[in-house]
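Any read-out appearing in this document is the output of simple, stated calculations on the displayed coordinates, not a laboratory observation. Remember, it's a predicted structure, so these values are computed and weren't measured experimentally. In this analysis, Cβ positions are derived from the backbone assuming ideal geometry, glycine residues included, and neighbour counts consider all displayed protein chains.
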2 protein chains.
Amino acid sequence: MRIFHAVEQVRAGLAALPRPLGFVPTMGALHAGHLQLARTARQQCASVAASVFVNPTQFGPGEDFERYPRDVQGDAEKLSGAGVDALFTPDAAVMYPPGFSTIVDVGALGAVYEGAVRPTHFRGVATVVSKLLHIVQPDVLFVGQKDAQQSAVLKKLVRDLDFPVRVEVVPTVRESDGLAMSSRNAYLSREQRAGASSLHGSLECMLEELRNGADASRAAQHARAQLDAAGVWDYLDVVDAQTFEPLQHLRAPAFVIGAARFGSTRLIDNILVSA
Amino acid sequence: MRIFHAVEQVRAGLAALPRPLGFVPTMGALHAGHLQLARTARQQCASVAASVFVNPTQFGPGEDFERYPRDVQGDAEKLSGAGVDALFTPDAAVMYPPGFSTIVDVGALGAVYEGAVRPTHFRGVATVVSKLLHIVQPDVLFVGQKDAQQSAVLKKLVRDLDFPVRVEVVPTVRESDGLAMSSRNAYLSREQRAGASSLHGSLECMLEELRNGADASRAAQHARAQLDAAGVWDYLDVVDAQTFEPLQHLRAPAFVIGAARFGSTRLIDNILVSA
């Protein structure tokens, strides 16, 4: 696996690779979920590129940008093992040189749920992914369903701006007790970690209630009680899978989505209800 | 010359053309300035694509979107004559289908001068050009120096978002009396047309004063008086060529820029002062 730090370098390096080219953008601190993205890309594409970049513009003030786990060496070994051909891992000064000021914003979809809690988050995501797509120029972009709203934002970005790329959403990888893999799971204490799987349990409960005909608010009321005492709800809802507009009743394709805080660590999870 | 109306069509059509591919985006109503862009592209590139699209999102409320001159048939003949290989001329519904909501904004550069008078103009320009670049995927983007701030916005867009394209700014084509070619010159009455060349004359006067050591406000004071009574000033200034920040004294690279109204028609012009 070749490792690149500069834009012109990575462009030249990728130009020589056979097509189609798959691309897996990450913030590093890689877990089995990321590697599932890389392996899926490996299966579907002739070449695979990945990026490791902890993007400052998608963190708000007081969020965990500074302490976000970083291990580029370990990440590189994992990506190489998963069959990635090229890794792009730029410094922030490469991505955001002095005078940088352009933003890309998908609108309402980026302002609800995670976007309501983190007002500039999805603008930061859409902007950095626009840059990465222009630098890497892949044929297929691989993203994880765990960040369902992010995946919806990126699908909308690609559709609205006509990026010449296909977005492939890869199912969430879970721990044996159902907890969705996340780099932020590393922040959890032992007690918080034990309670954190109840987030997924609550989503399953909510989905069952919805399938039994309950409306969203009644289903959420019941499902909220399933969260272990270690956690505090941010939101629990059922939304249109494309727009993230809240649904009164289950109408596929939809996501049952939830966010909860375990101590100072905020986790999100979802279940896709296919049409 | 082949003519395309749909995104997938034009992508397939352009994929077969030899590289490098030059691209000339226009709003139609083509004049000698546009054809100079097409001919320059023809000289520099193996293939040339152009677009004709009167982009609604770069017009504000009460501006001239409805009455903007349209003549796609005539435009196609002119482009073909200038050596263009492919023309993309989509309907608004192709570019902005229901649910479209994404914007691209370059920040401060898009908020001054033309951006101050037309608050959503450069956001509309940056967004539609992002889409067109993703659809056409050219190697070189040809834009006119007449719209100097627009050219600066597009250079910044390309630089900030790492678009894999080079921006080539082509010098302004003028009528024999110095009036810059513009599709909006068609709106002028005979009297307004006679007075409109004084806009360029004022810019030349301003530049001469600046070269003689006058500061910007004194130079502008003298130069403003050169405008024919047919016109009313919007602004007259000297700015950094990249940021469009106002300069006190001439410091190349700079633009001397001006905007004036002749009746209800607003015209802009500029002179580039190279380093």
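Where a ≥ b ≥ c are the square roots of the eigenvalues of the C-alpha gyration tensor, would you call segment A:102-158 rounded, which needs a/c under 1.5, or, failing that, prolate if a/b is larger than b/c, or oblate? All intermediate terms of the calculation are to be shown ahead of the outcome.
Working: a/c = 2.33, a/b = 1.44, b/c = 1.62.
Oblate shape, in that a/c is at least 1.5 and b/c is the bigger or equal ratio.
Shape verdict for segment A:2-170, please, from the Cα gyration tensor: rounded (a/c under 1.5), prolate (a/b greater than b/c) or oblate.
In terms of gyration-tensor shape, rounded.
Enumerate by residue number the GluC sites (Glu not before Pro) in segment B:1-99 meeting two conditions: DSSP loop (anything except H, G, I, E, B), and at most 11 other Cβ atoms within 10 Å of the site's Cβ.
Working: sites: B:Glu8, B:Glu63, B:Glu66, B:Glu77; in loops: B:Glu63, B:Glu66.
Those satisfying the criteria are B:Glu66.
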With every atom except the alpha carbons ignored, what do you get for Rg and Dmax of the protein assembly as shown, in angstroms? 26.8, 83
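Would you mind giving the average projected area, over all directions, of the Cα convex hull of segment B:82-182 in nm² with one decimal? Write down the numbers at each step before the final one.
On the way: hull surface 31.9 nm².
Spelled out: convex hull of the Cα atoms, projected over all directions, averaged, 8.0 nm².
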Taking square-rooted eigenvalues a ≥ b ≥ c of the alpha carbon gyration tensor, is segment B:1-99 rounded, prolate or oblate, where a/c under 1.5 means rounded and, failing that, a/b exceeding b/c means prolate? oblate
With the crude spin-label approximation of a point 7 Å out along Cα→Cβ, what separation in nm comes out for B:Glu77 versus A:Asp91? 5.8 nm
Estimated distance in nm for a label pair at B:Arg174 and A:Asp64, the labels positioned 7 Å out from Cα along Cα-to-Cβ: 6.2 nm
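If you take the alpha carbon radius of gyration of segment A:184-273 and divide it by 2.2 N^0.38 Å, what ratio comes out, to two decimals?
1.06
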One finds the C-alpha centres of segment B:79-96 and segment A:243-275 to be spaced, in Å, by 42 Å
Taking only the alpha-carbon positions of segment A:130-172 and ignoring solvent, what does the Debye formula give for the base-10 log of I(q)/I(0) at q = 0.14, 0.19, 0.23 Å⁻¹? -0.28, -0.52, -0.75
Which value in nm describes the separation of the simple spin-label points at A:Glu191 and B:Gln44, placed 7 Å from the Cα toward the beta carbon? 6.6 nm
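Quote the FRET efficiency, to the nearest 0.05, computed for B:Arg218 versus A:Ser101 with a Förster distance R0 of 25 Å and r equal to the Cβ-Cβ distance. List each step's numbers first, then the result.
On the way: r = 31 Å, r/R0 = 1.26.
After rounding to 0.05, the efficiency reads 0.20.
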